[in-house]
Every structure is written in C-alpha cells, then in structure tokens.
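Note sheet for the following structure.
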Amino acid sequence: MDLAVGDGKIDMKRNWNWSLWIGFFLTLAGFFSYQFFAQFPVTRDFPWANLLLFAVGAIFLLAGLVRAFVRPQLYRGKVFGSIFALLSLFIFGFFAYGVFYVLRQVPASLSAPRIGEKAPAFTLPDQNGKPTALMDLISPNGAILIFYRGHW
Amino acid sequence: MGFTYPLLSDADAGVIRRYDLLHRGAGPKGADIARPAEFLIDSQGIIRWVNSTDNIAVRARPEQVLAAFNERRGD
C-alpha cells in the first residue's frame, strides 16, 4: 500500500479500522443484552454470555488499536480507537460494578427464621383479595413459601 | 389470573419484616421490598430447608426446591 504518501497531511484513503467498530459494538451488545439474558436462569445466575461478548469485544478493540498504532499509515483509529477503548472500559466497569457488587448487596437477614424453627404465622390477602393464613396453605406434604420481587 | 398457587400480597411489608427479609430502598423509587428467599415448611409448620441467596439475581430453581423436598420427605 502506498496510499499514505504525500506531503505529511492525513491521507483520507487509509483503511477503515473495522476491528475497532466491531469491538465497540460487541461491548455495547454485552452491556445492553443483560436484560435479555437475565430472563434465563442459565445466563442470569452467572452472566457468562455478557462476559463473553465483552471479552470478544476486547479482543477486537485490542487488535484494532494495535493496527492503528503500529501501522498508522495504513489504518485509521488512533484517536477514535482510543476513545472507543476508553468508553468500553467504562461500560465494562459499570457492568461489573452492577453485576458483581450491587446485586450482592443483600441484607444479612440474621433474624430470619431458621431450619427447625416454626414458620411465623401470618394472614395476607391472596390474588383474589381473600385473606389467607399460612397454616391454611400447609398441606400434608408441607408448603413452599417464596418471598420474591420483580418479574422473575 | 391463571395462577395455580396462592400469590399473597404483603403491601405494608409486615410479614417481610417479621421474617427479617426487608431490603431497604431496593424497590422502585426507593421503596422497601423483600429480599429473595425460599422456605420449605413441613406439615407441622416447621421450616425444613431455607435458601437465602447472596445475589438478588440468583434464586432457587424449581429443581433445587424439589430436590430439597424429596430429600426430606422420608424424615
């Protein structure tokens, strides 16, 4: 390639550094696909699908950056590649903070009922508004009491 | 609504508090809501198995609860 010859000005005919764009896109995909993958226990309990997208994105970004800095006469991307890489780092950091820190901020519940104790009795309205006592729900097989929140 | 199990509403979180499962400010607009937890209760009302997660995204799976039930039904 001899496109970059000239009087030292930036040659607009340098190759597009697609690796950087693909890497940045994969980073965004890794972040925004969390809602999707959180629907399935296998990708929610540990967010490996998101982490895989981030990892592949990082490889592309790195490859793009190497091209941009090692052969700048052939490839674009020194400036926007660096910006993409920085943004990707921030996005990944935010993701990791959410998934590995915020989601684990669960109260200790030290006084929660324990194995061997009697489940504290209560009466609450059911989905039809009918007051329902815990004891009424316990069959000869027992009962499963689930405290949950959100849509899953 | 098609539920085959009772879905109870603890609107003022009274029962959630009594079970010490309140997660302060974790709900929409900073509301106090329950942390996830699952209890297996036997026919006498005694708790036989508890799952209290350390990650709110990780809940007991149905097969886990069934396994806990099957392990203890003979006791």
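The values are calculated or read from the model by the stated rules, or taken from the named source; none is laboratory data. No experiment lies behind these values; they were computed from the predicted model shown. Don't worry about glycine lacking a Cβ; one is built from the backbone with ideal geometry, like all the others, and counts go over all protein chains shown.
Which one is surrounded by the most Cβ atoms within 10 Å (Cβ to Cβ), of the residues in the stretch B:29-41 that are in a loop (DSSP other than H, G, I, E, B) and more than 7 Å from chain A (Cβ to nearest Cβ)? Quick ask: steps written out before the conclusion?
Initially, the stretch B:29-41 is screened for residues in a loop (DSSP other than H, G, I, E, B), giving B:31-32, B:35-36.
Subsequent filtering for residues that are more than 7 Å from chain A (Cβ to nearest Cβ) retains B:31-32.
On the way: B:Ala31: 12, B:Asp32: 14.
Top of the filtered list is B:Asp32.
Among the residues of the stretch A:25-47, not one is facing another protein chain (nearest Cβ under 10 Å), of a type in the set (Phe, Trp, Tyr) and farther than 22 Å from A:Ala58 by Cβ. Within the stretch A:74-113, if we keep just the residues that are part of a loop (DSSP other than H, G, I, E, B) and surrounded by fewer than 13 Cβ atoms within 10 Å (Cβ to Cβ), the residue that is farthest from the other protein chains (Cβ to nearest Cβ) turns out to be A:Tyr101. If only residues of the stretch B:49-65 that are more than 7 Å from chain A (Cβ to nearest Cβ) and exposed (fewer than 13 other Cβ atoms within 10 Å of the Cβ) are counted, the one that is farthest from the chain's Cα centre (by Cα) is B:Glu63. In the set (1) without any contact (Cβ under 8 Å) to a residue 40 or more places away in the chain; (2) more than 17 Å from B:Ile16 (Cα to Cα); (3) touching a strand residue (DSSP E or B) at 6+ places or on another chain (Cβ under 7 Å), A:Thr43 fails one condition alone, (3).
For the condition more than 7 Å from every other protein chain (Cβ to nearest Cβ), in a loop (DSSP other than H, G, I, E, B), within 25 Å of A:Asn128 (Cα to Cα) and modelled with pLDDT under 95, what is the one hit in B:Ala11, B:Ala26?
Working: B:Ala26 fails: within 25 Å of A:Asn128 (Cα to Cα).
Answer to the selection: B:Ala11.
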